[in-house]
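Worksheet for the structure shown next.
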């Protein structure tokens with residue numbers, strides 16, 4: 001028996017096959033999965049009356065979709081959590097120039113696309129955490145230190161298939177070349193306490209439980225754990241301290257959440273307004289509070305939670321070269337057996 | 001007055017001709033994704049793809065093969081240990097609670113392996129102090145060995161605990177019927193129950209048990225979520241990462257074709273070895289067995305049933321309910337909307353796929369029954385095996401190949417292009433039907449095998465055309481098989497992860513992709529509610545069919 005509900009759901013599925021609607025709206029293809037974004041969207045709609053429609057999927061899926069829609073784009077804005085994806089989208093000719101003076105004023109040039117095709121709106125660092133009660137001796141100060149044989153069986157990091165690790169290795173390729181990067185990846189793999197599994201959060205929990213003394217994680221996970229209502233999460237956060245890895249030739253690896261306007265989109269002006277809203281001071285402060293990501297606009301005061309981590313000197317140059325070395329990074333991971 | 005006086009051959013008439021065309025068309029369509037993949041076995045690779053292929057062969061393939069084989073063999077072995085004794089005791093003895101335990105023994109099928117993998121995270125964390133002690137006392141190498149061993153052991157136990165029902169069902173259908181009669185003969189001649197089991201019933205059950213174990217092996221091969229969560233890189237995970245990591249579709253297709261060839265080889269060997277196996281959800285027309293003699297056998301009965309149930313049903317459900325004690329597991333209003341939508345999507349996908357699978361199965365298997373054409377029989381036989389023997393990722397790759405060709409022939413702007421081909425819904429449903437058609441087909445086939453051909457001959461002698469025979473005789477008799485097939489397809493589609501991840505349309509989350517997404521983001525407790533919904537959905541289906549089967553038995 002065909003019920004009304006089924007017909008409704010069926011027709012909504014068929015409709016998402018691609019009719020473009022008309023009222024003031026901006027349609028996002030976004031890789032971000034954070035609940036906090038919903039608040040940002042509602043605030044934007046309240047302020048401007050423009051409705052925000054989101055479609056969430058992985059970066060590669062979204063780019064494939066955009067490629068197949070170049071003649072009739074279904075989205076207005078492409079948002080991702082990895083600079084390499086934005087570079088890829090730019091190279092594929094999928095993004096239109098932003099042409100926004102406001103964005104140019106607010107966001108430093110290092111955090112905007114060179115061809116003015118994208119801008120960052122949050123930043124996250126990839127840092128080392130260590131068990132504060134167990135680790136007594138020398139602490140690793142840079143990413144290279146992680147390959148030291150002293151840490152054998154003590155290092156926790158997630159899978160190489162994750163884009164944060166790929167971009168980290170891509171940045172290392174950019175600075176030290178293929179050979180240096182291969183040596184680093186091989187060294188890290190040798191020190192793993194277990195084959196990569198789980199998310200960054202699982203790595204922190206494993207450090208807290210004692211499986212390994214060090215882990216490489218994104219900074220915002222520390223905020224998520226600290227603000228979590230789960231007791232285990234809070235205990236895990238309390239058990240670790242943060243190191244911002246730096247060396248002579250680079251600062252701490254950072255990656256960005258950013259967006260660009262889809263070329264030929266129907267609501268380009270709304271998309272521009274949305275991006276400008278995202279880099280406004282109030283939203284930058286909100287992101288720091290809600291998701292513990294760093295603001296990209298200068299002069300925004302850090303949350304106390306973030307200040308407790310320590311001071312970050314981000315490696316901003318690598319942001320633009322991560323996309324160039326992405327494929328190479330995957331090959332190196334396969335070569336050294338970091339799964 | 002009968003229309004025919006002489007007896008025509010059963011495959012008479014050109015009125016069947018159109019149906020035969022339809023059967024051919026459907027059969028070929030269902031095999032299309034597999035054909036696309038197998039074709040790439042012979043096609044040369046471009047330079048970029050060749051380089052990626054060298055990479056895979058050189059660094060990834062050996063490990064992937066090793067891990068896949070260990071997991072498959074281990075899971076089959078433990079599933080055998082869990083499923084066979086339970087099946088034997090349930091079939092051979094009557095004891096209080098037998099019916100209830102029998103239904104409970106099947107319910108772990110409703111729980112997808114990846115959910116149990118996520119549920120087991122906290123249990124596994126409790127092992128960490130033991131591992132740390134090994135590391136401090138015996139050194140890093142010993143620790144790494146233990147860590148790997150425990151991980152393998154844990155995942156194998158996990159797979160076996162939710163997949164043993166396939167072996168249990170196979171065993172149940174194999175130990176009944178002639179097995180019981182010969183078993184009773186053996187007992188009358190003085191053999192003990194144990195010797196009867198070893199020398200009579202187990203060898204007789206071999207074909208069916210192989211079929212059940214094959215299903216377990218295919219499920220393990222197809223799994224993506226659980227394997228990934230445990231940090232293993234099986235062939236399926238490697239396929240995923242080649243496709244999305246290296247971005248090399250050609251190389252992925254090559255890898256997929258090799259995987260397919262290996263599986264088909266195993267299937268061919270198995271077919272050659274066994275003949276026809278039966279896999280049913282209920283039995284009919286058998287006398288009730290006796291109560292076990294002696295307390296030892298009574299204890300064995302209960303132990304053999306309760307062990308699999310505690311591993312596969314009680315542990316996951318208690319772990320899930322414990323998650324609900326965690327505050328973050330309770331969904332906020334907008335997460336509720338997400339979950340309800342995902343449930344609707346899973347339901348819709350499941351029902352659509354089930355209906356299409358059953359209709360196709362009826363057409364293909366039904367036509368084959370009335371047709372003496374060898375080629376059609378071969379095609380139908382192939383299509384009943386090929387889909388399930390192919391991992392979901394392989395089918396998804398094949399479908400993408402078909403889809404991109406179709407999108408070229410029907411670009412945007414044409415009616416077909418706009419509404420059918422450019423979206424993803426059509427392809428997702430196509431892929432799911434291609435994969436699970438064989439489940440429905442096997443159920444229909446078994447149902448039809450049970451109907452003696454004399455019935456059809458009698459009807460035809462009285463003047464019915466084959467179509468009328470099918471509609472008025474075969475179809476009503478097939479109802480239990482259809483119900484069983486519908487449930488199995490529905491449960492399988494609800495649990496399906498890799499296909500849905502790869503082919504879903506935008507804004508289309510099923511319960512399984514929602515759960516996977518939440519774990520991928522790190523908010524693992526948030527998947528408690530969707531997991532509960534998924535398990536409940538599947539369990540309700542399974543319970544309905546099992547109760548139906550038992551009701552028939554007790555008549």
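The values are calculated or read from the model by the stated rules, or taken from the named source; none is laboratory data. Not measured: the values here are computed from a predicted model. Here the Cβ is made from the backbone with ideal geometry for all residues, glycine too, and neighbour counts use every protein chain on show.
Overview of values
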read-out: Selected residue (only one of A:175, A:204 is over 17 Å from the mean Cα position of the chain (by Cα), buried (at least 22 other Cβ atoms within 10 Å of the Cβ) and in a helix (DSSP H, G or I)); value: A:204
read-out: Any hit, segment B:64-85, residues being over 21 Å from residue B:306 (Cα atoms), within 12 Å of chain A (Cβ to nearest Cβ) and crowded, with 20+ Cβ neighbours inside 10 Å; value: yes
read-out: Residue A:110, sole failed condition from (1) touching a helix residue (DSSP H, G or I) at 6+ places or on another chain (Cβ under 7 Å); (2) away from chain B (no Cβ under 13 Å); (3) farther than 20 Å from residue A:219 by Cβ; value: (3)
read-out: Checklist (1) modelled with pLDDT under 90; (2) surrounded by fewer than 20 Cβ atoms within 10 Å (Cβ to Cβ); (3) within 14 Å of chain A (Cβ to nearest Cβ); (4) at negative phi applied to residue B:422, failing item; value: (2)
read-out: Among the candidates A:294, A:277, A:287, residue that is more than 18 Å from residue A:59 (Cβ to Cβ), over 15 Å from the mean Cα position of the chain (by Cα) and more than 14 Å from chain B (Cβ to nearest Cβ); value: A:277
read-out: Test: residue in segment A:224-234 that is free of Cβ contacts under 8 Å to residues at least 12 places away in the same chain, assigned to a helix (DSSP H, G or I) and more than 10 Å from chain B (Cβ to nearest Cβ); value: yes
read-out: Verdict on residue A:261 being more than 17 Å from the chain's Cα centre (by Cα), touching a residue at least 60 places away in the same chain (Cβ under 8 Å), buried (at least 24 other Cβ atoms within 10 Å of the Cβ) and within 14 Å of chain B (Cβ to nearest Cβ); value: no
read-out: Residue match in segment A:64-72 (condition: over 21 Å from residue A:269 (Cβ atoms) and touching a helix residue (DSSP H, G or I) at 6+ places or on another chain (Cβ under 9 Å)); value: yes
read-out: Meets criteria (surrounded by fewer than 23 Cβ atoms within 10 Å (Cβ to Cβ) and either outside any helix (DSSP H, G or I) or within 11 Å of chain B (Cβ to nearest Cβ) (or both)) for residue A:161; value: yes
read-out: Residue in segment A:168-189 that is touching a residue at least 60 places away in the same chain (Cβ under 8 Å) and facing chain B (nearest Cβ under 10 Å) present; value: no
read-out: Test set (1) away from chain A (no Cβ under 14 Å); (2) over 20 Å from the mean Cα position of the chain (by Cα); (3) at pLDDT below 80 - residue B:447 fails condition number; value: (2)
read-out: Residues located in segment A:297-327, provided they are touching a residue at least 24 places away in the same chain (Cβ under 8 Å) and within 11 Å of chain B (Cβ to nearest Cβ); value: A:326
read-out: Among residues of segment B:125-156, those that are under 27 Å from the mean Cα position of the chain (by Cα) and buried (at least 17 other Cβ atoms within 10 Å of the Cβ), counted; value: 3
read-out: Count of residues meeting criterion [without any contact (Cβ under 8 Å) to a residue 40 or more places away in the chain and either assigned to a loop (DSSP other than H, G, I, E, B) or touching a strand residue (DSSP E or B) at 6+ places or on another chain (Cβ under 8 Å) (or both)] in segment A:25-41; value: 4
read-out: Pick from segment B:130-182, criterion over 27 Å from residue A:151 (Cβ atoms) and not in a helix (DSSP H, G or I), ranking: modelled with the highest pLDDT; value: B:176
read-out: Test set (1) surrounded by 15 or more Cβ atoms within 10 Å (Cβ to Cβ); (2) at pLDDT 75 or above - residue A:18 fails condition number; value: (2)
read-out: Segment A:313-332 - residue that is surrounded by 17 or more Cβ atoms within 10 Å (Cβ to Cβ) and out of contact with any helix residue (DSSP H, G or I) (no Cβ under 8 Å at 6 or more places or on another chain) and, of those, farthest from residue A:220 (Cα to Cα); value: A:327
read-out: Exclusive hit being crowded, with 19+ Cβ neighbours inside 10 Å, in the same structural domain as residue A:291 (by TED's automatic domain parsing), within 19 Å of the chain's Cα centre (by Cα) and more than 28 Å from residue A:306 (Cβ to Cβ), set A:75, A:89; value: A:89
read-out: Candidates B:59, B:100 - the one that is without any contact (Cβ under 8 Å) to a residue 60 or more places away in the chain and over 19 Å from residue B:291 (Cα atoms); value: B:59
read-out: Which listed residue is in a strand (DSSP E or B), in contact with a helix residue (DSSP H, G or I) (Cβ under 6 Å, 6 or more places away or on another chain) and either without any contact (Cβ under 8 Å) to a residue 24 or more places away in the chain or under 30 Å from residue B:136 (Cα atoms) (or both), from A:242, A:217; value: A:217
read-out: Scan of segment A:52-88 for residues that are part of a helix (DSSP H, G or I) and closer than 21 Å to residue B:504 by Cβ, ordered by number; value: A:59, A:60, A:61, A:62, A:63, A:64, A:65, A:66, A:67, A:68, A:85
read-out: Odd one out for residue B:334, checked against (1) more than 18 Å from residue B:435 (Cβ to Cβ); (2) within 14 Å of another protein chain (Cβ to nearest Cβ); (3) in contact (Cβ under 8 Å) with a residue 24 or more places away in the chain; value: (3)
